[in-house]
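The values are calculated or read from the model by the stated rules, or taken from the named source; none is laboratory data. Since we're looking at a predicted model, the values are computed, not measured. Cβ sites come from the backbone with ideal geometry, for glycine too, and all protein chains shown count toward neighbours. The protein model used for the area step is the full one, side chains on, heavy atoms only, and it has no ligands, DNA or RNA in it. Shrake-Rupley method; radii C 1.70, N 1.55, O 1.52, S 1.80 Å.
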Amino acid sequence: MSESGLKDMAELVSLCKRRGIVFPSSEIYGGINACWDYGPLGVEIKKAVKDRWWKAMTDRADVEGVDAAILMHPRTWEASGHVEGFVDPLVDCKTCKGRFRADKMDVTPCVQKPSKMASACDGEKGEPRLFNLMFKTHMGPVEESAAVVYLRPETAQGIFVNFLNVQQTMRQKVPFGIAQIGKAFRNEITPGNFIFRTREFEQMEMQFFVEPGTDMEWFEKWREIRFQWHLDNGLRREKIRWHAHGPGELAHYAKAAFDIEYEFPFGWQEFEGIHNRSDFDLRRHQEFSGKRMEYIDEIKKTRYLPFVVETSAGCDRSVLVLLAEAFRKGVAEGEERVYLKLHPEIAPYKVGIFPLMKKPELTEYADKIFDGLHKKYRCTYDDGGSIGKRYRRQDEIGTPYGVTIDYDTLSNHTVTVRDRDSMAQERISAEKIADYVGEKIKNWRA
Ligand code: ATP
């Protein structure tokens, strides 16, 4: 069977809507720009990604987890540099009334003539002006400037301000890290490309505190670990690459930075950053709060501000990468077949259970298999329509294995297991399904 990957994002957006993965937010009111809701299957995929990340991070003795508040003391954002520096250059077009990020005009279509990019259309553009991306709100009932708080634009600062709380309560010694998954908000000028760039999103971040001088060594270690994690999730090597930040690209806090990029239908784009943040954040918080943020090394009898190596991944963007990577379209048995080649541990259901016909003797048998297997692997049950149609439905949501119960099952207690990727079918003993599926999941390769 010949097959191709994702060529057009619209195909993925439509599949996600049709199959309960991602819906436009507030759709009955016409939607709200670049906001999305995860449906029943999307939430399972996203949860699996978060669980895998959390496990990979916190199963180590040298990483602790936290869950910090979204609203933080406003001084946090002065210290971090966000009040002053978290800005993008905004360009207004007087002709089409579009608003563009000056540095993205080569890749953002003109509003009036989408066939042309904003940088190449004839619209009359104003001078770029700086626009702060932080969402502001007010704490308490009075909307006065003293009550201004921000929705955090990154999860990292919740970790920096808790550095000593975690180190001391958990009796950790440098080097160690703190991991967190949580929402972040950015008032992006040009959100888009489905869940790639939104104004509300989730980050999976880990800040690793190290002794100055050992930072580049740890930076390299974490680069390797994070790249491998994405390969283990089923990304093909040729679809991801490194992008090193040049001197002009480095963020104000960074000593070194590499992005991991994925080749989307709209080009190579970042979905995770590994940054050497030096001691910038702890130093600034020490300065702005007046509290010492130094680590005391009892053995070496020294005190210092640790350097930070950060791994910062977008959760929604990682989900998009996995969906884009999994999307396959081809022809099988003379018909178009679309399937999601998701890692079985990330697929919303691991097994689909299908009684060949809606006859009580078959459905009762299938119910029993479902009840037994569902305790171990998330299963779905489908007894509607032809078996071919049922396979197609499961293919589209990435269910890796399908178990069919037919009349032979009743006499010899065997079932047919169909593999989503190869479409190969195997007859196995019904009592061996759980072990069989377990082995298959363990040995699955992209
Ligand atoms: P970009 O250049 O795409 O704006 P960034 O360099 O500002 O991203 P970071 O601040 O390093 O991104 O954030 C770390 C990760 O958070 C990114 O790699 C991405 O996966 C995710 N992320 C950042 N902004 C958004 C957004 N608006 N929507 C969804 N995910 C985002």
- Compute the relative contact order of the range 349-442 as a whole-number percentage, counting only Cα pairs closer than 8 Å that sit 6 or more residues apart in sequence. 29
- Task: Compute the accessible area per residue over the range 1-147, keeping the other protein chains in place, probe 1.4 Å, unit Å².
- Result: 59
- Item | Environment charge at T214 (Cβ cut-off 12 Å; Lys +1, Arg +1, Asp -1, Glu -1) | -3
- Message: Compute a Gaussian network model of the chain, connecting alpha carbons closer than 10 Å, and tell me which residue from K301, K359, K329 fluctuates the most.
- Response: K301
- Pick from E325, E64, E238: which is most flexible by mean-square fluctuation in a GNM of the chain where alpha carbon atoms under 10 Å apart are linked? E238
- Item | For D316, net neighbour charge (Lys/Arg +1, Asp/Glu -1) across residues whose Cβ lies under 11 Å away | +3
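From Cα pairs below 8 angstrom and at least 6 apart in sequence, can you work out the relative contact order of the chain, rounded to a whole percent? Kindly include the intermediate steps, with their values, before the conclusion.
Details: 822 pairs, mean separation 63.2, N = 446.
In percent, rounded to a whole number, it is 14.
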- Along the principal axes of its C-alpha atoms, what lengths does the range 87-132 span, in descending order and rounded to whole Å? 29, 19, 12
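Grab the beta carbon distance between E11 and D297, set R0 = 51 Å, and tell me the FRET efficiency rounded to 0.05. Can you show the working numbers first?
Details: r = 55 Å, r/R0 = 1.08.
It comes out at approximately 0.40.
I'm a student and want to see the number: the projected area of the Cα convex hull of the range 330-446, averaged over all directions, in nm².
Values: hull surface 26.9 nm².
Taking a quarter of the hull surface, the average projection is 6.7 nm².
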- Share of carbon and sulfur in the accessible heavy-atom surface of the chain [1.4 Å probe, %]: 51
- Between Q112 and K94, what length in nm is gained on full extension when 0.36 nm per residue of separation is reduced by their alpha carbon distance? 5.3 nm
- Message: Once each part is reduced to its C-alpha centroid, what is the distance from the range 8-51 to the range 154-203 in angstrom?
- Response: 23
- Note on the structure: Hits in the range 391-419: amide N under 13 Å from the 7 Å Cα→Cβ extension of E335, namely 391-396
- Task: Just read off the accessible area of V66 with the full protein assembly in place, 1.4 Å probe, to the nearest 10 Å².
- Result: 30
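Can you give the alpha-carbon Rg of the range 167-319 over 2.2 N^0.38 Å, where N counts its residues?
Working: Rg = 17.0 Å, N = 153, 2.2 N^0.38 = 14.9 Å.
Dividing the Cα Rg of the range 167-319 by 2.2 N^0.38 Å gives 1.14.
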- Just the Kirkwood number for the range 234-300, please: inverse of mean 1/r across all distinct Cα pairs, in Å, one decimal. 14.7
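So what's the projected area for the chain, the Cα convex hull averaged over all directions, in nm²? Display every interim value, and only then the final one.
Numbers: hull surface 106.8 nm².
With the hull built on Cα positions only, its mean projection is 26.7 nm².
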- Item | Cβ-defined net charge surrounding G438, 14 Å radius [Lys, Arg +1; Asp, Glu -1] | +3
- Measuring from the lowest to the highest alpha carbon on each principal axis, how far does the range 48-201 reach, largest first, in angstroms? 62, 40, 26
- Any idea how far the Cα center of the range 229-245 sits from the one of the range 88-107, in Å? 31
- Could you work out the relative contact order of the range 78-124, using alpha carbon pairs under 8 angstrom and six or more residues apart, expressed as a whole percent? 27
- Note on the structure: Per the C-alpha gyration tensor (a ≥ b ≥ c, the square roots of its eigenvalues), the range 1-131 is rounded if a/c is under 1.5, else prolate if a/b beats b/c, else oblate; here it's oblate
- Note on the structure: Cα extents of the range 112-229 along the principal axes, largest first, in whole Å, come to 60, 46, 26
- Which of these, E27, E211, E78, has the largest mean-square fluctuation under a Gaussian network model of the chain (Cα springs below 10 Å)? E27
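Under a 1.4 angstrom probe, counting protein chains only, how are E11, E144, E272 ranked by accessible area, largest first? Can you show the working numbers first?
Numbers: E11 60, E144 90, E272 0 Å².
My answer, sorted largest first, is E144, E11, E272.
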